[in-house]
Amino acid sequence: MNIFIHVDADPDRGFVGGNKLIARHGRQAYDLKWNGLLATLNYLEKFTDKFQGFGLGFKSTFFLRADEQIKNLYGTYCGAFMRFYDNIRQLSSVGWHPHLYRWSNLNRCWYQECHDNEWMRKVLTDCHEDLELHGFYAQFAKMGWCFHNNTTMKTLSDLGLSADFSALPGAKCLGHLEGKSVLDVYDWSKTEPQPYHPSEEDYQKAGGLDIFEIPLTTYKVSGPLVFLYTTKLTLESYIKFRLRGYSPSSQVMFPLGLLNLSKKQNLKKILELMLKLKENDYITLYFHPDDLLDINIQNILENVILRLFSNAEKHGVELSFVDASELYSLIRTK
Ligand SMILES: [Zn+2]
């Protein structure tokens, strides 16, 4: 079983004192803060050494922001790549994390564009060109808010990307309000957990596009898994995500985000469940760098991984870390 650690390398989010979605070039407080990213890189350096001491070669992939908002704030799409690419590469591989943020003159804030196909195609294309022009070859992507539609998926495929890691099989969110910004719109309600080449007519289903869609790990809540709903952990995330506009029909446990594991309940059961998953020969664990500004979360990351390995040993499962490129190669050659 392969473990794919997947990091959405966003700047600090609003709740840790970061981006408030109203900052624009020319305004006083336009700069994004990246304290979370810097702290996480610092932490992972020690973490990687420590894991090497245990004989575990730690790997991860950071999907770094390059999009319209970054261009507006830094003057170029690859502003964040220019600042952080070399630092991240010392510890991790780097993918592309485009958020389709668009400025609303009416509401004076950034919002998630998810309807204007022409605009989305142009931004993704221009951004990818700019990355290449500056020597950053984006072979793998994770979309902001996990959003895709037929146009964005075909665009990434046309641009020659090898794989996208945005799918949350079974999950759907109609979006929620943050200030005046509507965010978090996505739909993977028809998607199966196995990697697939998306269809041009329906990005959620298998078809003939060149790009690979490699889904994140989600759990269907049915049959024997219902017992997990009786735990505080899952009940809390269920209520929280329902309140934030997640579709009640998407009967999936939120994917294995670090924050979901930060509650102590039933961690052992969840880890065992992960190891028994037969749908794929990989599991994903993901987080945002600003999660690790909290020292408790740093300890949890370490604890989860160490316990995962000790549980795997008990179950006779061999675990290893893979990055995006290795996971893609494994899947492609299967
Ligand atoms: Zn993001």
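The values are calculated or read from the model by the stated rules, or taken from the named source; none is laboratory data. What you are looking at is a predicted structure, and each value in this text was computed from that prediction instead of being measured. Glycine also receives a Cβ, built like all others from the backbone with ideal geometry; neighbour counts cover every protein chain displayed.
Among residues belonging to region 51-66 that are touching a residue at least 24 places away in the same chain (Cβ under 8 Å) and more than 16 Å from the ligand (Cβ to nearest atom), point out the one that is nearest to residue 89 (Cα to Cα). By that ranking, first place goes to 59.
For region 130-139, the condition holds for at least one residue, the condition being that it is surrounded by 15 or more Cβ atoms within 10 Å (Cβ to Cβ) and within 25 Å of residue 280 (Cβ to Cβ).
Here residue 136 meets the list (1) within 20 Å of the chain's Cα centre (by Cα); (2) in a helix (DSSP H, G or I) almost entirely, failing just condition (2). Cβ separations smaller than 8 Å between residues 6+ apart or across chains give the following pairs from region 72-92 residues that are closer than 14 Å to residue 31 by Cβ to residues that are assigned to a loop (DSSP other than H, G, I, E, B) and among the basic types (Lys, Arg): 72/24; 73/24.
Which of the residues belonging to region 46-93 are outside any helix (DSSP H, G or I), of a type in the set (Ser, Thr, Tyr) and surrounded by fewer than 19 Cβ atoms within 10 Å (Cβ to Cβ)?
Residues satisfying the conditions are 76, 93.
Within region 147-165, being closer than 17 Å to residue 325 by Cβ and under 13 Å from the mean Cα position of the chain (by Cα) holds for 164, 165. Inside region 94-112, can you point out the residues that are part of a loop (DSSP other than H, G, I, E, B) and either within 14 Å of the ligand (Cβ to nearest atom) or crowded, with 20+ Cβ neighbours inside 10 Å (or both)? Correct list: 98, 99, 100. Criterion applied to 77, 43 was being within 16 Å of the ligand (Cβ to nearest atom), at pLDDT 90 or above, of a type in the set (Ser, Thr, Tyr) and out of contact with any Gly (no Cβ under 8 Å at 6 or more places or on another chain), and the one residue passing it is 77. Only a single item in (1) out of contact with any Lys or Arg (no Cβ under 9 Å at 6 or more places or on another chain); (2) farther than 22 Å from residue 85 by Cα; (3) crowded, with 19+ Cβ neighbours inside 10 Å; (4) of a type outside the set (Asp, Glu) is not met by residue 198, and it is number (1).
So which of 155, 151, 125 ends up being among the polar types (S, T, N, Q), away from the ligand (no atom under 16 Å from the Cβ) and buried (at least 20 other Cβ atoms within 10 Å of the Cβ)?
155
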